[in-house]
Amino acid sequence: MKRIASFEVDHDLLTPGMYTSRVDGDITTYDVRMVLPNGGEYLYPAAAHTFEHLFATYVRNTPLSDHIVYVGPMGCLTGFYFLVRDLDPAEAIRLVRETMDFVLAFEGTIPGSSKVECGNYLMHDLVGAKKIAARMAPILADWTVTDLVYKTK
């Protein structure tokens, strides 16, 4: 079988940040890597779940919402995929930075967290989601389009 693009990334060189994972026509997949792969520390599922709800809610409520395709956690629990359509990379970075600020400032009921809205509504952790954002905000503070390229040997 053909290997998928994310398996071609050298995870030994990958550090937390935001990277262009692939471009498929007008859709760009960003790898928002939040912890060091195979580093022994992973995103706690309840915190990642809450972060996902907040990330998706925020980006889909900005003026750029028509460009948002998908936000979702990686199965390895080291980050998130962020898929956009026809969006300038600098704008994508800005949206992810703003998401960190949104999560850090968020108070109240987690959007989409009722039993009717969510398939695992009891598994949420706002404090943990804020820790994820607090760790990522300084990493992305000076991130530029040139930083979106994966490191290679």
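Observations, loosely collected:
- Of the residues making up the stretch 62-89, those that are surrounded by fewer than 16 Cβ atoms within 10 Å (Cβ to Cβ) and without any contact (Cβ under 8 Å) to a residue 24 or more places away in the chain number 7.
- On the stretch given as the stretch 41-61, residues that are of a type in the set (D, E, K, R) and either surrounded by 16 or more Cβ atoms within 10 Å (Cβ to Cβ) or at pLDDT below 95 (or both) total 2.
- VAL116, sole failed condition from (1) within 17 Å of ARG60 (Cβ to Cβ); (2) free of Cβ contacts under 8 Å to residues at least 12 places away in the same chain; (3) of a type in the set (A, V, I, L, M, F, W, C): (1)
- The residue that is surrounded by the most Cβ atoms within 10 Å (Cβ to Cβ), among those in the stretch 90-121 that are of a type in the set (Gly, Ala, Ser) and more than 16 Å from the chain's Cα centre (by Cα), is SER113.
- Residue check for GLY17: among the small types (Gly, Ala, Ser), modelled with pLDDT of 95 or more and touching an Asp or Glu at 6+ places or on another chain (Cβ under 8 Å): yes
- Total residues in the stretch 1-11, condition modelled with pLDDT of 85 or more and either acidic (Asp, Glu) or in a helix (DSSP H, G or I) (or both): 0
The values are calculated or read from the model by the stated rules, or taken from the named source; none is laboratory data. Every value quoted in this text rests on a predicted model; they were computed, and no experiment measured them. No Cβ is skipped: glycine too gets one built from the backbone with ideal geometry, and neighbour counts run over all protein chains shown.
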